[in-house]
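Reviewing the structure listed below.
The values are calculated or read from the model by the stated rules, or taken from the named source; none is laboratory data. A quick note: this is a predicted structure, and the numbers were derived from the prediction, not measured. Positions of Cβ are generated from backbone atoms using ideal geometry, with glycine treated the same way; all protein chains shown enter the neighbour counts. When the accessible area is computed, the model is the full protein with side chains, heavy atoms only, and any ligands, DNA or RNA have been set aside. Shrake-Rupley method; radii C 1.70, N 1.55, O 1.52, S 1.80 Å.
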Amino acid sequence: MPLSDPQTQNGPRHVAIIMDGNGRWAQMRGRPRLFGHHAGARRVREIVEACPDLGVKYLTIFAFSTENWKRTQTEVAGLMSLFRRYIQRESRDLFQRGVRVRFIGDRIRLDDKLVTLMDELELLTAGNDRVHLTIALNYGGRDEVTRAAKRLALEIEKGRLSHKDVDAETLSRFLDTHVLPDPDLVIRTSGEARISNFLLWQSAYAEYIFVDTLWPDFTAAEFARVLAEYGVRDRRFGAVKA
Ligand code: FPP
């Protein structure tokens with residue numbers, strides 16, 4: 001994919017979402033944090049289903065960061081079990097709805113059973129093209145760029161590339177996202193206005209929209225409103241309007 005492949009119509013082709021606020025949502029109901037993550041998973045389904053009608057071809061969601069391992073053992077184990085169950089439960093439906101699923105992030109720290117399920121889902125949906133859902137799991141932008149730089153360095157060491165070949169386009173071919181266009185829009189829920197190491201390289205020219213809604217309350221209707229807000233933004237990619 002070319003580095004910047006901007007959307008020419010009004011709607012974003014690639015939307016990335018930082019799904020924040022599950023913990024607070026649960027806390028407000030006097031329930032454990034995992035209760036919020038389960039509610040969050042149900043919202044994932046609704047938002048994925050809304051994509052075709054809203055013209056969103058690529059959806060990338062931040063499910064677990066390289067920093068999330070710092071959470072309690074109970075929460076981490078609960079999230080990993082939720083991801084396994086989500087894949088087991090949703091695979092057939094995702095396949096039938098024409099969703100192609102990919103995972104980005106470093107799989108090295110994930111348990112074998114989860115990695116097998118991820119591989120199987122990627123394989124099952126490899127022929128789909130209606131919506132491209134990318135799930136970031138044990139993902140960090142800095143970690144991704146570091147792993148890409150390492151692989152690039154190895155290619156140079158083996159003599160398959162020269163340092164003269166190294167430019168932004170070449171480096172981007174080693175990123176986990178190499179087959180995806182850059183995101184046009186990054187949404188973060190829950191009122192926090194930071195990017196938390198998500199798609200650092202790829203979001204260079206993305207629009208950001210921060211909403212106060214906690215992720216488990218983020219409906220398809222609100223998603224549509226956010227996309228409409230994006231539609232009136234003026235994207236210049238560093239250039240000046242003619
Ligand atoms: C951030 O909210 C959310 C996460 C770290 C996990 C995101 C996971 C899901 C939405 C679960 C389902 C995902 C899939 C792909 C099945 P937080 O826990 O940091 O919330 P807080 O800021 O209110 O504490």
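Data table
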read-out	value
Qualifying residue in segment 35-49 (condition: in a strand (DSSP E or B) and within 13 Å of the ligand (Cβ to nearest atom))	no
Any hit, segment 134-141, residues being touching a residue at least 12 places away in the same chain (Cβ under 8 Å) and assigned to a helix (DSSP H, G or I)	yes
Subset of segment 11-33 [outside any loop (DSSP other than H, G, I, E, B), farther than 17 Å from residue 222 by Cβ and of a type outside the set (Lys, Arg)]	14, 23, 26, 27
Residues of segment 116-174 satisfying the condition of being among the polar types (S, T, N, Q) and buried (at least 17 other Cβ atoms within 10 Å of the Cβ)	125, 128, 134, 138, 172
Qualifying residue in segment 36-49 (condition: farther than 19 Å from residue 215 by Cβ and more than 18 Å from the chain's Cα centre (by Cα))	no
Filter result for the condition that a residue is within 16 Å of the ligand (Cβ to nearest atom), farther than 14 Å from residue 16 by Cα and of a type outside the set (Lys, Arg), over 193, 221, 228	193
Filtered residues of segment 56-90 (kept if touching a Ser or Thr at 6+ places or on another chain (Cβ under 8 Å) and within 15 Å of the ligand (Cβ to nearest atom))	59, 60, 61, 62, 65, 67
Segment 12-34 - residue that is within 11 Å of the ligand (Cβ to nearest atom) and among the aliphatic types (A, V, I, L, M) and, of those, farthest from residue 212 (Cα to Cα)	34
Long-range neighbours under 7 Å by Cβ, at least six apart or interchain, first residue outside any helix (DSSP H, G or I) within segment 65-77, second within 12 Å of the ligand (Cβ to nearest atom) and aromatic (Phe, Trp, Tyr)	65/139; 66/139
Residues located in segment 227-242, provided they are open to solvent by less than 60 Å² (accessible area, probe 1.4 Å) and in contact (Cβ under 8 Å) with a residue 40 or more places away in the chain	227, 230, 231, 235
